[in-house]
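What follows is a set of notes on a single structure, which appears directly below.
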Amino acid sequence: MNSPKIKILPISIILMFLMLFVIPNIGESIPRVPILGFHGISKTKIPVLQSSEGYMDYPQKQLEQLIEYLIINNYWFLTTQDIYDFFLTKSREIPAEHRGQKYIMLSFDDGYKTVYTNLLPLLSKLEKKYRQKVKVVLFINPGTLANKNSIASTHLGCPELREGLQKGFYDIQSHGQNHRNLTELTRPQLVNELLRARIDLRKCTQDLDPELKVASHLAYPYGAYNKQVESYVTKYYLSAYLYNDEILEYGCLKNHYKIPRLMVNRQKSPKQLIKIAESFQPIKNKTKNQNKC
Ligand SMILES: [Zn+2]
């Protein structure tokens, strides 16, 4: 009578072990948010070999395909402050309307005029079509902004920045004053690049930005940083972004001044970018995910 029980017992122990420790971990991944780093937006799809100059530009049509996919699939377009509050410091709870959504950040570096001529109209068009405002992050060098005398400039000017901010599409952040490699500067030059950029961007947007969200975060020009750069950046900015083609695994990121971004150029198709967007993983179980760091 006792022998069947003896056989059943080890099997039930094995099953319990599987249910508790093995099965929950199958398919569970580290929580991650893709942050895409674009530059200019071109009207046409120029073959790479014909235009090395516009190599970093991304075609407007293909960007439209990507953003439409993201809207239809219920993505939340994060700002730099969202990343800081909800994922890095975790100082705020994710608002109810965003729970269950997938997250992504679209960032555009260097303030090219095409962000105004080709991206802003696209965002307005998609807002009308889907009744949703897509937020994009702009990392700007105020020293290269066009002024009234530089009509042919390849960069946008303060009025164009203000227009996108006023319409609620832009999250305007710093990329240093003059796009200098911060690791090659003397201390006074470094302070000037960091501080001047913040002052000038806030001067351009002050009446539209009462909470001083503009220029609170930085993207290192060329993604270049070292210990000295980081120590000064921490004085003037809340967080800083790299350009290293890595994905943000926010459950593990301890340093708010080394936020990874994925590089985007015209060689990446919307399909490839969608695949990257789909690599988003939410936090499911805090303790387990933290153990994987
Ligand atoms: Zn740049």
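Residue-wise test of (1) outside any loop (DSSP other than H, G, I, E, B); (2) closer than 24 Å to residue 283 by Cα; (3) within 16 Å of the ligand (Cβ to nearest atom); (4) free of Cβ contacts under 8 Å to residues at least 12 places away in the same chain.
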site	(1), (2), (3), (4)
207	yes, no, no, yes
218	yes, no, yes, no
225	no, no, yes, no
228	yes, no, no, no
246	no, yes, no, no
256	no, yes, no, no
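Right, residue 132: in contact with a Ser or Thr (Cβ under 8 Å, 6 or more places away or on another chain) and among the polar types (S, T, N, Q) or not? Judged against the criteria, residue 132 is not a match. Residues in the stretch 175-227 that are of a type in the set (Gly, Ala, Ser) and either surrounded by fewer than 22 Cβ atoms within 10 Å (Cβ to Cβ) or farther than 21 Å from residue 159 by Cβ (or both): 176, 216, 219, 223, 224. Of the residues that make up the stretch 146-154, is at least one in contact with a helix residue (DSSP H, G or I) (Cβ under 8 Å, 6 or more places away or on another chain) and within 30 Å of residue 228 (Cα to Cα)? No - not one qualifying residue is present in the stretch 146-154.
Residues are listed down the side, and each one gets a yes or a no for (1) in a loop (DSSP other than H, G, I, E, B); (2) of a type outside the set (Asp, Glu); (3) more than 16 Å from the ligand (Cβ to nearest atom); (4) without any contact (Cβ under 8 Å) to a residue 12 or more places away in the chain:
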{"position": "115", "(1), (2), (3), (4)": "no, yes, no, no"}
{"position": "123", "(1), (2), (3), (4)": "no, yes, yes, no"}
{"position": "138", "(1), (2), (3), (4)": "no, yes, no, no"}
{"position": "160", "(1), (2), (3), (4)": "no, no, yes, no"}
{"position": "164", "(1), (2), (3), (4)": "no, yes, yes, no"}
{"position": "168", "(1), (2), (3), (4)": "yes, yes, yes, no"}
{"position": "183", "(1), (2), (3), (4)": "no, yes, no, no"}
{"position": "200", "(1), (2), (3), (4)": "no, no, yes, no"}
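Every read-out reported here was derived from the displayed coordinates using simple, explicitly stated rules and does not represent laboratory data. A quick note: this is a predicted structure, and the numbers were derived from the prediction, not measured. Here the Cβ is made from the backbone with ideal geometry for all residues, glycine too, and neighbour counts use every protein chain on show.
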